[in-house]
Amino acid sequence: MKDLTIGSPTKTILALAIPVAAGMIFQTLYLLVDLYFVAALGEDSVAGVGIAGTLLFMIMALTQVLGVSAVALISQAVGRKDQEHANLVFNQSLVLSAVCAVITLLGGYLLAESYLGSITADDAALREGLTFLYWFLPGMALQFAMMAMASSLRATGIVKPAMIVQVLTVVLNTILAPILIAGWGPGPALGVLGAGLASTISITVGMALLTLYFLKLEKYVSFSPALWRPRFDIWKKMMDIGLPAGGEMLLLFVYFSAVYWLIQDFGAPAQAGFSIGGRIMQSIFMPTMAIAFAVGPIIGQNFGAGKIDRVRETFKSGIILSSVVMFITTVIMQWRPEVLVMFFTEDAEVIEVGAVFLQLISLNFVAQGIVFTCSGVFQGLGNTRPALFSSGVRVLIFVPIAAYLRYQPDFSINMVWYISILSVTAQAIVSFLLVRREFMRELDSSENSLPADTEQAL
């Protein structure tokens, strides 16, 4: 366990964020390696994996329920020096992860075809997407337990073990991708099937390694079978915090699904261009997301300990750091984004769509960084409903306007990106204002009563 209630907030954020970012960078390499070999299969394969990837947001929504609630409840328990409660929350998160895994497998295999068919008109892309998804679903199911364990460690201020495991799984996937996708070596080329299988194998190994760490090295929170009996009071607390965060990710899923629906009439090249551009964008977001991931447990521990001034200082430091990082990436994307897209495809139409997407959408990168940081603050405070509200604002602006324009005779794909810029900017403004309101409600009103009020709330 690491005490996050002392020292410089900026240095503490960086101390947590840098290892997290390192793991995310390797995760990015894993995504890009997969994309590189899938892109060599053709635009139908890229589009298929892209539309299947929208379901990842559904899975991420469910993992957020576990991850966010674990970070909030455990970090606040650490701040109160309540190890017993922290360990109880950790073990109950493992039980919930098993439930979510079963739901993922059943829902994925039963409903995937009807969902993917609704967002693409291309039969070849649909077949490729289903093949990839069916082989990746077991890996998706394992993500829940990995998220529960990694989030619990992060809540206690420990980030390096999860980062090391993440790096090792990426290295394994990088080795497996050319073997299984492209047929390097003695085995056959499995195409998108190989991409899904490589990911599942890598995640399985990562799960085994993280489990081994908890069994051999972790002391503050640990596997306790006696605590695996469902505790519905703890589940309720986790749901109260986690469901709005999951809803936030679910709305992101709605957004990306809407984009694919909006651009489907432009054909597989447009969907492939957006798929490549979206993967690159996700990679660019990694450092800022790492900052947000660091802000959450720092806020939580200090809120639990009643150190209100450090909560405010952490928020300010997080906003400054994320804004600087995203401004730099915006400048870079205004240069020659097509160079990044050309790495994955030689199709001129796909390159044009992906490059224009990155150049335009980068105009909201700073706003997106603010959104990420504010979301981390809400998680640390244990109230994620404001983040859900701000995400709802984004979707309510984007979907109706874009749906209306889709049926206009002069509708173009670039209109989708401009509306997205508008919606994310609005989300950032709302998120910032909601953080300020939350500070007035939760911090100013309880400055003299913490940590007692915090303990009662938990």
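Here, each number is a calculation from the coordinates, and none is a lab measurement. What you see is a predicted model, and the numbers here were worked out from it, not measured in a lab. Glycine gets a Cβ as well: all are built from the backbone with ideal geometry, and neighbour counts include every protein chain shown.
Tell me, Kirkwood radius of the range 331-391 from alpha-carbon pair distances, in Å?
Hydrodynamic radius (Kirkwood, Cα pairs) of the range 331-391 is 13.6 Å.
Counting only residues 5 or more places away or on other chains, whose amide H sits under 5 Å from the amide H of Gly157 once H atoms are built in the peptide plane?
Counting only residues 5 or more places away or on other chains, the set is Lys2.
Any idea what angle helix 268-304 forms with the longest principal axis of the chain, computed on alpha-carbon atoms, 0 to 90 degrees, nearest 10?
0
Express the Stokes-Einstein translational diffusion coefficient of the range 249-376 in µm² s⁻¹, to the nearest whole number, given a Kirkwood radius over alpha-carbon pairs, 20 °C and a viscosity of 1.002 mPa s.
D, rounded to a whole number, is 134 µm²/s.
Please report the orientation-averaged projected area of the chain, defined via the convex hull of its C-alpha atoms, in nm².
Hull-based average projected area comes out at 20.4 nm².
Taking the Cα-to-Cβ direction at Tyr213 and at Val99 and moving 7 Å from each Cα, how far apart do the two end points lie in nm?
Once both label points are built, they end up 2.6 nm from each other.
Taking the Cα atoms only, what angle lies between the long axis of helix 160-181 and the longest principal axis of the chain, rounded to 10 degrees?
So the inclination is approximately 20 degrees.
Taking the alpha carbon gyration tensor of the range 53-202, what are the square roots of 5 times its eigenvalues, largest first, to the nearest whole Å?
Details: eigenvalues 224, 77, 22 Å².
Ellipsoid half-lengths, sorted descending, are 33, 20, 10 Å.
Pairs on different chains or at least eight residues apart, Cα atoms closer than 23 Å: how many lysine pairs in the chain fit?
Eligible lysine pairs with Cα atoms under 23 Å apart amount to 20.
Can you give the local net charge around Leu96? Use residues other than it whose beta-carbon is closer than 15 angstrom to its beta-carbon, Lys and Arg +1, Asp and Glu -1.
On the way: positive: Arg229, Arg231, Lys236, Lys237; negative: Asp233, Asp240.
Its environment carries a net charge of +2.
Just add up the charged neighbours of Val38: K/R +1, D/E -1, any other residue whose Cβ is under 15 Å from the Cβ of Val38.
-4
Any idea what angle helix 348-361 forms with the longest principal axis of the chain, computed on alpha-carbon atoms, 0 to 90 degrees, nearest 10?
30
Please compute the modelled spin-label separation between Ser222 and Ile328, points set 7 Å along Cα→Cβ, answer in nm with one decimal.
4.1
Sticking to Cα atoms, compute the Rg of the range 327-443 to one decimal and its Dmax as the biggest Cα-Cα distance, whole number, in Å.
Taking only Cα atoms of the range 327-443, I get Rg and Dmax of 17.0, 54 Å.
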